[in-house]
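The values are calculated or read from the model by the stated rules, or taken from the named source; none is laboratory data. This structure is a prediction, so every number in the text was calculated from the model and none was measured. Quick reminder, even Gly has a Cβ in these numbers, built from the backbone with ideal geometry, and neighbours come from all protein chains shown. These area figures cover heavy atoms from the full protein model, side chains too; ligands, DNA and RNA do not enter into them. Shrake-Rupley method; radii C 1.70, N 1.55, O 1.52, S 1.80 Å.
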Amino acid sequence: MVVKVYGPAYGCPKRVLVCLIEKQIEFETVDVDLFKGEHKEPEFLKLQPFGVLPVIQDGDYTLYESRAIIRYYAEKFRDQGTELLGKTIEERGLVEQWLEVEAHNFQPPIYNLVINVLFSPILGVPSDAKAVQESDEKIAKVLDIYEERLSKAKYLAGDFFSLADLSHLPFGHYLVNQTGRGNLVRERKHVSAWWDDISSRPSWKKVVQQYKYVV
C-alpha cells in the first residue's frame, strides 16, 4: 500500500517526505492549498480535525503531526533504509531529546519568521517587526547551544544521522535560504558544517527539487 502524504509544498510535510525517502518507503502526495483554505474544508477536516498539515493515509490508517509520523515510520521500518533512531536505548533517548529541542526551541521562532517575512506579504497583512526581532534573538541563542553540542558530536544525538537531525531540515531550509538569515548558521562553525552535511543528503535534495516550497 502506497503512503499518501498531504501538503508537500509546505515545511512540516517535507519532514515526512524526507523520512519516507530515507526509509525507502513508497509514497504519493496530495496537494493542499492553504491560501485557498483547503485545509479547512469538511473533507480535509475528516482526516485532520485541527485543519493543519501534514496528514498521512496508509491504507485504512490515518496519522497526523509530522514528528509522530516520522517516529512511526522510523520504528515500523526500522530494518529498512537508514537507521534513524539509534542502536541503543541511550542513543534513542538522545534522539528523542533533540527532537523535543527542535520542536520547542528551534522551529517556533523560525516559524514566526516565516509567517512575518514570507507569508504576511502574500496575505497582504503587515509583518510584526517586534516579533521578527525577538525571533532573531531566540534563534541566535538556540544556535549557540547547538554550536556547543556540535563541537563535541558530528550530529545532535551522536556520531550518527537520526530523526533529530532530519527534523531540522524543513525549517532550517527556511532559515538559511528564504528568510535572509543564513548568517545565523554561517557564523557558527560547527552548526554550519552540520547544516551543510544534513542538507546535502540525497533524500533532502530530492524533496527540495521535486516538491518546491510554496514560498
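Measure off, as a whole percent, the carbon and sulfur share of the 1.4 Å-probe accessible area of the range 16-86, all protein chains present.
49
Over the chain, give the accessible area per residue in Å² for a 1.4 Å probe, as an integer.
Accessible surface, normalised per residue, equals 48 Å².
Looking at (1) 19.5, 55; (2) 17.0, 50; (3) 25.9, 91, which value of Rg and Dmax of the Cα atoms in Å comes from a calculation on the structure shown?
This structure yields the entry labelled (2).
Lysine pairs, Cα distance under 16 Å, 8 or more residues apart or cross-chain: how many in the range 1-159?
8
Nothing charged except the Cβ atoms of Lys and Arg (+1) and of Asp and Glu (-1): what's the magnitude of the dipole of the chain about its Cα centre? Round to the nearest 20 debye.
The dipole of the chain has a size of about 340 debye.
Based on the alpha-carbon gyration tensor of the range 109-215 and its eigenvalue square roots a ≥ b ≥ c, which shape applies: rounded if a/c is under 1.5, prolate if not and a/b is larger than b/c, or oblate?
oblate
On a C-alpha basis, how far is the centre of the range 31-71 from the centre of the range 130-208 in Å? Whole number, if you could?
26
How large is the dipole of the range 154-215 about the Cα centre if only Lys and Arg carry +1 and Asp and Glu carry -1, each at its Cβ, rounded to the nearest 20 debye?
180
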